[in-house]
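The structure appears below as structure tokens.
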Amino acid sequence: MSETPGSSSTTPASSTNAVPNASNTTAAAAAKSEGNPALRMLGLPKWRPRLPSRNWLIFLSVTGSFTAAVLYDRHQKRRIQRKWADTVSHLASDPLPTNTMPRRVRIYVQAPPGDGMMPAREEFYEYVKPVLVAGALDWEVVEGRREGDVRWAVAEGVRRKRRRQEGGGGEVEMDVVAMARERGGTREWEGIAGDLVMGRHAWKEYVRGLHEGWLGPLEKPAETEVEVVRVEEEKGPDGSGHTAIGDVAVETLKDVVENVVEEKELTEEEKTKKEEEEKRKKLFKPEAYLAVRDYASASLPASMPEYLGPTTVLPFPHILGFLNSPTRIWRFLHKRRLADEIGRQTAAFVLATSYRPFDAQTETAAAGQPSDSPASEFSESPVDTYREPRVYEQQALLANEEPEWHKSVRKRERVEGKEDLWRDPIVLDERIASKMRVFELTQEDEQRAAAFLEKPKEESSDKEQGDS
């Protein structure tokens with residue numbers, strides 16, 4: 001049987017074409033299994049998608065949950081801060097006469113017990129300053145680095161004001177800036193200014209300074225002079241003019257010599273401690289001009305106003321220690337709550353549309369609350385003895401912060417006859433306490449703030465860009 005040329009040529013051709021196709025498929029599969037050649041040349045290993053292990057799942061779930069909680073808290077905190085900033089932002093567009101100074105307030109910032117000024121400054125810049133800037137407010141910050149600084153600043157400010165109004169008690173201080181503004185026809189703000197206090201420790205010193213400034217003297221009381229005992233002339237048995245002055249001089253000389261010997265015997269460590277003690281005394285402010293027990297016997301000055309300027313007391317939670325780490329972590333993840341509370345009170349302080357006197361109730365109606373009023377503890381007059389004791393709202397403000405203070409303050413030894421500003425209870429005189437007032441938000445302001453919170457983010461951002 002003979003084969004045709006066409007049939008004999010097709011068989012080898014088909015067999016030769018089948019071999020290259022199989023080799024190409026095998027090469028493509030091998031190249032695909034090896035991965036991207038560019039990544040392989042860079043030295044990167046071949047990555048295969050797979051589920052993470054049990055340990056990786058635990059790590060990613062913990063870190064992811066914590067990161068999500070932090071991001072959510074920061075987002076809500078920014079919304080709350082924007083809400084209170086928008087609530088007071090209309091004050092920035094109010095016209096102000098060219099010859100009138102803007103409203104200027106005073107802010108008292110005190111270093112927390114057992115720590116420095118940095119935490120207090122961080123709270124002011126993070127929560128308080130944005131609302132003050134949105135309301136176009138001018139402020140003066142009084143920083144207290146040590147215990148007693150705020151008390152001295154408040155008392156000295158009140159005494160300076162009394163000197164200008166009463167014109168007595170020493171030389172009246174000359175304010176060059178105020179005199180220049182008066183010549184130029186510039187007037188001060190005629191409305192209510194107010195004070196802002198941060199923290200329970202600063203509030204205690206603020207109240208103490210108010211009482212010292214308004215009830216105490218304008219100048220520092222003179223120290224008690226040592227009585228000089230005159231030694232009369234004594235004659236000896238022989239009638240000579242021998243006196244006891246010579247004996248006193250001899251004894252005084254002996255005491256001087258003994259003191260010099262004792263100073264030489266002191267070691268270097270004792271000298272160093274003595275020098276440090278003297279330096280520490282110089283750092284602290286002078287003692288108060290008026291003791292707490294003398295409140296009832298002090299009289300009000302003629303320049304005492306009918307009401308004192310309203311105040312606002314902001315919370316300042318600050319806790320230290322490794323064992324308090326859970327509390328610190330919880331507060332770190334809930335900064336939005338602190339921002340809302342501080343923002344609300346700061347907005348009431350900036351708006352200054354409503355203020356009220358501090359509440360006061362009798363001790364019988366206070367459900368067993370302790371009374372620190374001078375009428376019940378520090379008064380010695382028979383009239384005040386029969387006066388019904390009162391419990392004031394100022395005494396309970398931020399009282400929950402005291403148990404969180406550092407143990408160096410809570411457990412330090414008390415010195416007899418010396419006041420302890422941070423640990424002593426707040427003592428109020430009824431004449432001063434009844435004149436103190438506090439800012440608060442009105443119902444209309446609360447509704448306007450809630451409306452700002454419900455606005456979408458795009459509208460608030462467009463408003464900020466338009467204002468800028």
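The values are calculated or read from the model by the stated rules, or taken from the named source; none is laboratory data. Values in this document were obtained by computation on a predicted structure and should not be read as measured data. All Cβ positions, even for glycine, are placed from backbone atoms using ideal geometry, and neighbour counts span all protein chains on display. Accessible surface is based on the protein model in full, side chains and every heavy atom, while ligands, DNA and RNA are left aside. Shrake-Rupley method; radii C 1.70, N 1.55, O 1.52, S 1.80 Å.
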Note: residue 39 to residue 71 extended length (0.36 nm per residue) minus current alpha-carbon separation gives 8.0 nm
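First measure r as the distance between the Cβ atoms of residue 402 and residue 166, then evaluate 1/(1 + (r/R0)^6) with R0 = 30 Å and state the FRET efficiency to the nearest 0.05.
On the way: r = 37 Å, r/R0 = 1.23.
Efficiency computed from Cβ-Cβ geometry: 0.20.
Once R0 is set to 30 Å, what does the formula 1/(1 + (r/R0)^6) return for the Cβ-Cβ distance between residue 125 and residue 146, expressed as a FRET efficiency to the nearest 0.05? Please report the intermediate quantities before stating the final value.
On the way: r = 21 Å, r/R0 = 0.71.
E between residue 125 and residue 146, to the nearest 0.05, is 0.90.
Do any of 273/407; 161/335; 411/435; 83/161 go past 32 Å between their Cα atoms, and which?
Values: 273/407 23 Å; 161/335 39 Å; 411/435 34 Å; 83/161 37 Å.
Flagged as over cut-off: 161/335; 411/435; 83/161.
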At q = 0.16, 0.21, 0.29, 0.31 1/Å the base-10 log of I(q)/I(0) from the Debye formula over the alpha-carbon atoms of the range 187-226 is -0.67, -0.84, -0.95, -0.99
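Summarise the accessible area of the range 51-161 (1.4 Å probe, protein heavy atoms) by the percent that is carbon and sulfur. Can you show the working numbers first?
Working: 3350 of 5680 Å².
The nonpolar share, carbon plus sulfur, comes to 59 percent.
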